[in-house]
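Written out below as structure tokens is the structure these notes cover.
The values are calculated or read from the model by the stated rules, or taken from the named source; none is laboratory data. What you are looking at is a predicted structure, and each value in this text was computed from that prediction instead of being measured. Here the Cβ positions follow ideal geometry from the backbone for every residue, glycine too, while neighbour counts run over all protein chains shown. Remember, those area values only see protein heavy atoms, side chains included, never the ligands or the DNA or RNA. Shrake-Rupley method; radii C 1.70, N 1.55, O 1.52, S 1.80 Å.
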Amino acid sequence: MNRTLFRKRPDLRQESEYRLIPVPRINHPSRTGWENDAHSTYEEIFGKSITTAPHDLPIPFPEDTFGERLSLGMKTGLLKTMFSLLSLFTKQRGTHHNGGVGATGRIRFLTNDQTSRLPFCQSGEELPVSIRHSNASFEDDGCSQLRAMAFRIHLKDGGSEDFLLSTGAILPFWSVASLLNFAGYRNKVKDDNWSPQKTWLENSPTAFVGAIEAARLAPECYTKMSYYSGIPYGIRDSDVFVKFRVMPHDMDRESGLLTTEQQRRIWIQNRIDQNEQPLHYLAQTFRDRLTTGPVRYTLEAQFRTLDPSRDTAEFFNLSRYWDDEVYPWVPVAEITGTSPMDDRSTENLAFWLGNVPRGLDFMDGYSAHDYNSVATSRTRIYPRAQRLRRKGSAASADG
């Protein structure tokens, strides 16, 4: 297994003033005709401009102190305990509860100038992969929630590299502190009373924009959605950082994007009454799709150079989209799923953010409000929880 490396954060400029999260503008044909109406919808729902909502980002950014690192360690420990208890008592994952649906296949790295910038890519090389699609929160495929794709590259020397991605070019969680804030409100949701989440979104404009961007309601198929890494990876021994996304070839128009009316009820996540699909219809649809032929995806990369003299910590904010006209997405590999996995093999798949591709690393996170705390905590939380849930001999890392 690859050793997770965290680089020391350089001194960056401070933001001069609070900047509201803008709605991402994603230049891709699959998004034609759809808009994230968060800013206008917020005013409709809450009767006030989103610009007057509480400031929920760490601006000014906290300094690297013993107290901040201690607080991050304590909050990471709390999350670790929460996930561990879930795994201990349910014998399931803390998230992605139904295990999802899996497939085996191949990845082929492309030959171009951008592929050569990635240390783990060897132009033209083809390697085996394991793929899993899953839901982030609820077992019911018809609910409104984030969807996930993870895949593992199996290396010739017996090692592996993991990629973990989810729907949404930006996310409603950007730090350990924001995740714990959400968890506090989610724990108050009882039965069909979703009002605590409405309060959460009113108090967090960043989460409001990110939730509309990331949630998918009753999508047609796992191969009709795009998936983003969100977290920037550093290319070791350089100032270049890279994000990844996966675009299925089947996807002419992205499925599950929330309509304007559904955005007005974003805090309500249960399935809509008109949806009569089975509980696990997405898994069956994916298996059926594989019977007609291979499922193909393109792995794309977005490169950006960190300039400490110009950039601030917002460079790493998972809720700020890197402008794809300035930092275009470029194809680096083709992924092909060929054979469905049986349920047991899929359940035994265990992906871990710390199993980073060769030559990549993460920026160190030192505060619970640090945008890099997401990567820092995820690499530390999952191993213990994974050991506590029921797993077969095929299980390895985490996720």
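In the range 118-219, what trypsin sites (Lys or Arg not before Pro) fall in a loop by DSSP, with at most 10 other Cβ atoms inside 10 Å?
Qualifying residues, ordered by number: Lys156.
What is the local net charge at Ser130, summed over the other residues whose Cβ is closer than 10 Å to its Cβ (Lys, Arg +1; Asp, Glu -1)?
Combined, the nearby Lys, Arg, Asp and Glu give +1.
Where in the range 36-62 is the amide nitrogen less than 14 Å from a point lying 7 Å along the Cα-to-Cβ axis of Asn203?
The answer is 54-57.
Dipole of the range 267-352, Cα-centred, from +1 at each Lys and Arg C-beta and -1 at each Asp and Glu C-beta, to the nearest 20 debye?
In debye, rounded to 20, the range 267-352 gives about 180.
If each of Asp64 and Lys156 carries a label point 7 Å out from its Cα toward its Cβ, how far apart are those two points in nm?
Result: 3.8 nm between the two label points.
Can you check what the net charge comes to around Thr260, using other residues whose Cβ is under 11 Å from the Cβ of Thr260 (Lys, Arg +1; Asp, Glu -1)?
My count for the surroundings of Thr260 gives -2.
Quick one: divide the alpha-carbon radius of gyration of the range 185-224 by 2.2 N^0.38 Å and tell me what you get.
That ratio works out to 1.41.
About the Cα centre of the range 182-281, what is the dipole size in debye to 20, counting +1 per Lys and Arg Cβ and -1 per Asp and Glu Cβ, all else neutral?
300
Hey, can you find the accessible area per residue of the range 125-217 for me, probe 1.4 Å, expressed in square angstrom?
30
Looking at the chain as a GNM with Cα springs under 10 Å, which of Met74, Met363, Met149 has the largest mean-square fluctuation?
Comparing Met74, Met363, Met149 in the GNM, the peak value goes to Met74.
What does the convex hull of the Cα atoms come to per residue for the range 280-333, in Å³?
Value for the range 280-333: 124 Å³ per residue.
Could you please state how large a percent of the accessible area of the chain is carbon and sulfur, counting protein chains only and using a 1.4 Å probe?
About 49 percent, which is the carbon plus sulfur part of the accessible surface.
List residues of the range 337-378, by number, whose backbone nitrogen lies under 20 Å from a label position 7 Å along Cα→C-beta of His55.
367-372
Using the crude model of +1 on Lys and Arg Cβ and -1 on Asp and Glu Cβ, and no other charge, please compute the dipole size for the chain relative to its Cα centre, in debye to 20.
For this selection, approximately 1340 debye.
Beyond a 32 Å Cα-Cα separation, which of these cross-linked pairs lie in this structure: Lys190/Lys243; Lys48/Lys190; Lys80/Lys190; Lys8/Lys224?
Long pairs (Cα-Cα over 32 Å): Lys190/Lys243; Lys8/Lys224.
Pick from Glu220, Glu125, Glu347: which residue has the top mean-square fluctuation in a GNM of the chain where Cα pairs under 10 Å get a spring?
Glu125
In whole Å, largest first, what are the principal axis extents of the Cα atoms in the range 134-191?
On the principal axes, the range 134-191 reaches 49, 29, 20 Å in Cα extent.
For Leu127 and Asn187, what is the calculated FRET efficiency with R₀ set at 56 Å and r taken between the beta-carbons, to the nearest 0.05?
Once rounded, the FRET efficiency stands at 0.85.
Computed from the mean reciprocal separation of all distinct C-alpha pairs, what Kirkwood hydrodynamic radius does the range 141-248 have, in Å?
About 15.9 Å for the range 141-248.
Let me check I have the definition right: for the range 211-362, take the eigenvalues of the Cα gyration tensor, multiply each by 5, take square roots. What are those semi-axes in whole Å, largest first?
Three semi-axes, in Å: 31, 22, 15.
Phe6 to Thr305: FRET efficiency via 1/(1 + (r/R0)^6), r the Cβ-Cβ distance, R0 22 Å, to the nearest 0.05?
Efficiency at R0 = 22 Å is approximately 0.70.
Specify which labelled value, from [x] 148; [y] 257; [z] 139, agrees with volume of the Cα convex hull per residue in Å³ derived from the coordinates of the model shown.
[z]
What FRET efficiency, computed as 1/(1 + (r/R0)^6) with R0 = 35 Å and r the Cβ-Cβ distance, is obtained for Asn27 and Arg117, rounded to the nearest 0.05?
In this case the efficiency is close to 0.95.
Could you list which residues have their amide H under 5 Å from that of Ser137, counting only those 5 or more apart in sequence or on another chain, with H placed in the peptide plane?
Those qualifying (amide H under 5 Å, at least 5 residues apart or on another chain) are His96, Leu146.
222 nm [θ] for the chain, helices only, -39500 (n - 2.57) per DSSP H run of 4+, per residue, to 500?
Value at 222 nm, helices only: -7500 deg cm²/dmol.
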